[in-house]
Amino acid sequence: MSIDRLRRRLVSGFACTAASAALLPCCLGRAVLAAGGSSRFSLRQIADGLFAFQGADELMTAANDGAICNLGAVVGTDAVAVIDSGGSLIEAQAFLAAIGKVTAKPVRFLVNTHMHPDHIFGNAAFREIGATIVGHRNLPRALDARGAFYLHNYREQLGEALMEGVEIVSPTMLVDDHLQLDLGGRMIELRAWKAAHTDNDLTVFDTVTRTLFAGDLVFMGSLPTLDGSLLGWLRQMDALTAIDAARVVPGHGPITADWPQALAGERRYFEVLARDIRKAIVDGTPLREAVKTAGESERDNWHLFDDYNERNATAAFAELEWE
Amino acid sequence: MQNHAYSGRQLALPLASVFAAIILTIGTLLGSSGAANAQQTTASSDRIWHDLKGDVFGDRAILVDTGVVRIEAPKRAQDAAIVPVDIYLDPAKAPDGIKSVTLIIDANPAPVAATFQLGKDAGVTHLSTRVRVNDYSYLRAIAETQGGQLHMAQTFVKASGGCSAPAVKNQDEANATMGQMKLRQFPPKETMTKTEELQLMIRHPNNSGLQRDPLTQYFIPAHFVQKLSISQAGQPILSMEGGISISEDPNFRFDFTVHGNGEIQVEAIDTDGKTFRNQWPLETAGL
Ligand SMILES: [Zn+2]
Ligand SMILES: [Zn+2]
C-alpha cells in the first residue's frame with residue numbers, strides 16, 4: 001500500500017538533490033580565473049601527436065586541484081580526442097588551455113575511461129565547448145547510482161571553491177564493445193571491458209603510435225583501487241597483456257611505461273590479495289578481521305597503501321566468498 | 001497488549017522513519033559545507049536520531065549501554081558499500097529474553113537498516129552483517145526484551161574517503177545471479193556444546209532505486225530483500241525485515257542453539273515479491 005508511495009518519495013527526493021546540485025551557480029568564467037593558479041598543469045608530448053598530463057601521486061585535495069590521474073590528448077588532422085576530464089572544473093579548464101597551446105584543432109571527443117571523480121569531474125567544461133562525451137555502456141547507470149554521493153562526499157574533501165561548477169555529466173555516445181573514432185588521418189580504437197577496476201572500464205588505443213591509454217585498468221606506483229571485480233580484473237589480465245601496444249599511459253603512475261611490463265605490479269598485488277583472502281575464507285575468519293592483514297606483504301611496493309588496501313580487501317572478501 | 005501494539009507498529013514505523021530521514025538527508029546533502037570535524041558530525045548524527053527515534057519507538061524509554069546489547073564496527077568505513085557490523089547480545093543481562101534487535105544508521109537515506117526477530121529458544125548471542133554507510137554516522141543497535149524494555153548501544157563510523165560509494169559494484173553480475181544462496185556451517189569444536197555458527201549469504205543487488213531506466217529515464221524502484229526467515233525444522237532462529245542499507249548480497253553470520261538434527265531452512269522475499277527458498281541438512285561436529 002503506502003510502501004510504494006514512500007519508496008517513490010525516497011527516489012524523487014534524491015532526484016531533487018541531484019537536480020539542485022546541478023543547478024549550483026556554474027560560472028565557467030570564474031573557474032577560468034581560478035585556473036590561472038594552475039600554472040603547474042603541463043602537457044607533455046609522449047609520441048607524435050600525442051600529449052599527456054601526469055597526475056599527482058596523491059589523494060584528491062584542494063591543494064592539488066583534484067589533479068591526480070593521468071590525462072591524454074590525441075591530435076588528428078581534423079580533430080582532437082581527449083582522454084578523461086580531470087578531477088575538477090579548474091583542472092579541466094587548465095587542460096583545455098594547454099591543449100590550445102599545442103594545437104588549433106577542435107576538441108571533438110572526450111572519452112571517459114570510467115566513473116571515478118578524478119576522471120570525470122571536469123566533464124562540464126567539455127560539454128560547454130560542444131565535445132561529444134563518450135563512455136562505456138554501463139557508465140550512465142553507474143553515475144546515476146553514485147553521482148549525488150560523489151558531489152556530496154567530495155564537497156567535504158575538496159572544499160566549496162574547487163567543487164564550484166562540478167557536475168555529473170554522463171556520456172551521450174556509448175561503447176558496447178568496440179568503437180573507432182576518426183580524428184582525420186588517425187583512428188583511435190575504444191574498447192569496453194567486463195567488470196574489473198569498475199563495471200564501466202574503457203581503454204583507448206592510438207593505432208598510429210600503438211599507444212594504449214589504459215585508464216585505471218593499469219595502476220603503477222599508487223595502489224590500485226578495486227571498485228568492480230577482482231576476479232574480472234585477473235581474468236582479463238591476459239587479454240590486456242595481448243594488446244599490441246608499444247607503450248601505455250596508466251591511469252595513475254608515470255606518464256608512459258613499457259607494455260606489457262607495466263601490468264606486472266598490479267597483477268602481483270591482486271594475486272597476493274586473492275591468495276590471502278581465500279585463505280581467510282577457508283579458515284572461517286570473519287571479514288572484519290581478515291581485511292586487517294590481507295595483502296600486507298605488498299605494503300612496501302605501493303604509495304597510498306594505507307588509504308586503499310583495507311578497502312580493496314573488503315571488496316575482495318565479499319566477492320571471493322561466492323567462489 | 002504490549003505485544004499487539006508493537007507488532008502493529010512494526011509494519012508502519014520503518015516506513016515513516018524512512019520518510020523522515022529522507023528530508024533530513026536532503027538537508028544534509030544540500031546544507032553541508034566545510035571540513036567535517038568529528039564533534040560536529042557526532043552532533044549531527046545525534047540530531048537525526050533525536051528526530052527519528054519517535055517514529056521508530058514512539059515515546060518509549062531507551063536505556064543506553066546497559067550491556068544487554070553491544071555493537072562493533074570499524075571506526076572508518078573502508079568501502080562505503082560493505083561495512084561489517086557485529087551485534088552482541090547478553091542473555092544474562094536480560095533474564096526474560098531478547099525478542100528483537102533493530103539496527104539503525106542515522107545518516108543513511110533509509111536509516112532503519114533492519115529489524116531482527118530472535119527465535120524464542122534460538123539462543124542467538126552474536127549477529128554480524130554488512131551495511132552501507134553513506135555518511136558520518138552512528139550505528140545503533142536497539143534490543144527489545146520480551147518484557148518490552150529497550151536497550152541501546154551505539155558506535156560511530158566515519159564515512160569512507162574518496163571514491164568508494166555505497167552502490168552495487170558489478171550490476172550485470174548482481175542481476176544475473178540474484179536469488180542464489182550459500183550456507184556455511186561452523187560446527188563447534190567440542191562435540192558436547194550445542195551452539196553452532198551459521199553464515200547465510202544471498203545474492204541480491206539490494207538496490208537503492210537511484211538509477212534511471214536508460215529507455216524511460218524514470219528512476220527504477222528500489223529493489224531489495226524485504227523479509228528473511230531462517231529456521232531449523234520449522235522452529236524460527238532468526239528473521240529480518242530489511243531495507244537498502246543492508247549491503248548487496250546480504251550476508252548474516254550468527255550463532256544459535258541446535259535443537260535436534262533437523263535441517264536449516266531459509267526463505268527470503270524481495271520487494272518485487274520474488275520468493276527465494278532453500279534448505280540444508282545440519283552439519284554436526286564429530287560426524
Ligand atoms: Zn583514477
Ligand atoms: Zn578509478
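The values are calculated or read from the model by the stated rules, or taken from the named source; none is laboratory data. Note that the coordinates shown come from a computational prediction; the quantities given were computed from them, not determined experimentally. Note: ideal-geometry Cβ built from the backbone for every residue, glycine included; neighbour counts use all protein chains shown. Protein only, heavy atoms only, side chains kept; ligands, DNA and RNA dropped before computing areas. Shrake-Rupley method; radii C 1.70, N 1.55, O 1.52, S 1.80 Å.
So is A:L143 touching a residue at least 24 places away in the same chain (Cβ under 8 Å) and away from ligand 1 (no atom under 16 Å from the Cβ) or not? No.
Return yes when A:L234 is within 16 Å of ligand 2 (Cβ to nearest atom) and in the same structural domain as A:T103 (by TED's automatic domain parsing) and no when it is not. Taking the combined requirement at face value, the residue does not satisfy it. Of the residues that sit in region A:218-241 and are out of contact with any strand residue (DSSP E or B) (no Cβ under 6 Å at 6 or more places or on another chain) and outside any helix (DSSP H, G or I), which one is nearest to ligand 1 (Cβ to nearest atom)? So, considering only residues that are out of contact with any strand residue (DSSP E or B) (no Cβ under 6 Å at 6 or more places or on another chain) and outside any helix (DSSP H, G or I), the one nearest to ligand 1 (Cβ to nearest atom) is A:T225. Applying the set (1) open to solvent by 20 Å² or more (accessible area, probe 1.4 Å); (2) more than 15 Å from ligand 2 (Cβ to nearest atom) to A:L59 leaves exactly one unmet item: (2).
Considering region A:182-192 alone, what residues qualify as being in contact (Cβ under 8 Å) with a residue 40 or more places away in the chain and surrounded by fewer than 21 Cβ atoms within 10 Å (Cβ to Cβ)? Matches in region A:182-192: A:D182, A:G184, A:G185, A:A192. For B:D172, the stated conditions do not hold, so it cannot be described as more than 8 Å from chain A (Cβ to nearest Cβ), closer than 30 Å to A:G86 by Cα and either open to solvent by less than 30 Å² (accessible area, probe 1.4 Å) or free of Cβ contacts under 8 Å to residues at least 12 places away in the same chain (or both). All of (1) within 16 Å of ligand 1 (Cβ to nearest atom); (2) in contact with a Pro (Cβ under 8 Å, 6 or more places away or on another chain) hold for A:A79 with one exception: (1). Of the strands (runs of 3 or more DSSP E) lying entirely inside region B:194-287, those containing at least 1 residues that are within 14 Å of chain A (Cβ to nearest Cβ) and within 26 Å of B:P111 (Cα to Cα) span B:195-202, B:225-232, B:235-242, B:251-257, B:264-270.
Annotation note: of A:A246, A:A161, the sole residue that is more than 14 Å from chain B (Cβ to nearest Cβ), of a type in the set (G, A, S), out of contact with any Asp or Glu (no Cβ under 8 Å at 6 or more places or on another chain) and more than 15 Å from ligand 2 (Cβ to nearest atom) is A:A246.
Condition check for A:R268 on (1) away from ligand 2 (no atom under 16 Å from the Cβ); (2) of a type outside the set (V, I, T); (3) closer than 21 Å to A:A315 by Cα; (4) in contact with a strand residue (DSSP E or B) (Cβ under 7 Å, 6 or more places away or on another chain): one failure, at (4). Could we say that A:G122 is open to solvent by less than 10 Å² (accessible area, probe 1.4 Å) and either touching a Ser or Thr at 6+ places or on another chain (Cβ under 8 Å) or free of Cβ contacts under 8 Å to residues at least 40 places away in the same chain (or both) here? The answer is yes for A:G122. When the helices (runs of 4 or more DSSP H) confined to region A:57-162 are screened for residues that are of a type in the set (G, A, S), those reaching at least 2 such residues are found at A:89-102, A:123-128, A:139-158.
Taking region B:175-193 as the region of interest, how many residues are part of a loop (DSSP other than H, G, I, E, B) and among the small types (G, A, S)?
Residues flagged as part of a loop (DSSP other than H, G, I, E, B) and among the small types (G, A, S) within region B:175-193 amount to 1.
Checked against the criterion of being within 25 Å of B:N134 (Cα to Cα) and more than 16 Å from ligand 1 (Cβ to nearest atom), region A:131-140 has at least one qualifying residue. Within the set A:L96, A:L110, A:L143, A:L139, the sole residue that is within 15 Å of the chain's Cα centre (by Cα) and away from every other protein chain (no Cβ under 14 Å) turns out to be A:L110. One residue stands out among those in region B:203-262 that are touching an Asp or Glu at 6+ places or on another chain (Cβ under 8 Å) and charged (D, E, K, R): the one that is most open to solvent (accessible area, probe 1.4 Å), which is B:K227. Taken over region A:295-320, the criterion of being open to solvent by 10 Å² or more (accessible area, probe 1.4 Å) and part of a loop (DSSP other than H, G, I, E, B) is satisfied by A:W302, A:L304. The requirement of being under 15 Å from the mean Cα position of the chain (by Cα) and within 25 Å of A:E319 (Cα to Cα) is satisfied by B:R132.
Of A:V102, A:V82, A:V75, all but one fail to be open to solvent by less than 10 Å² (accessible area, probe 1.4 Å) and away from ligand 2 (no atom under 13 Å from the Cβ); the exception is A:V82. Please enumerate the residues belonging to region A:134-145 that are out of contact with any helix residue (DSSP H, G or I) (no Cβ under 9 Å at 6 or more places or on another chain) and either surrounded by 24 or more Cβ atoms within 10 Å (Cβ to Cβ) or among the hydrophobic types (A, V, I, L, M, F, W, C) (or both). Answer for region A:134-145, where residues must be out of contact with any helix residue (DSSP H, G or I) (no Cβ under 9 Å at 6 or more places or on another chain) and either surrounded by 24 or more Cβ atoms within 10 Å (Cβ to Cβ) or among the hydrophobic types (A, V, I, L, M, F, W, C) (or both): just A:V134.
Considering only region A:257-275, I want to know if a residue exists there that is within 16 Å of ligand 1 (Cβ to nearest atom), more than 14 Å from every other protein chain (Cβ to nearest Cβ), buried (at least 22 other Cβ atoms within 10 Å of the Cβ) and not in a helix (DSSP H, G or I). No: zero hits. No other residue among B:A81, B:A143, B:A94, B:A153 is open to solvent by less than 30 Å² (accessible area, probe 1.4 Å) and within 22 Å of B:A222 (Cα to Cα) apart from B:A81. Just one of the numbered conditions (1) touching a residue at least 24 places away in the same chain (Cβ under 8 Å); (2) part of a loop (DSSP other than H, G, I, E, B); (3) away from every other protein chain (no Cβ under 13 Å); (4) surrounded by fewer than 24 Cβ atoms within 10 Å (Cβ to Cβ) is not true of A:V166: (4).
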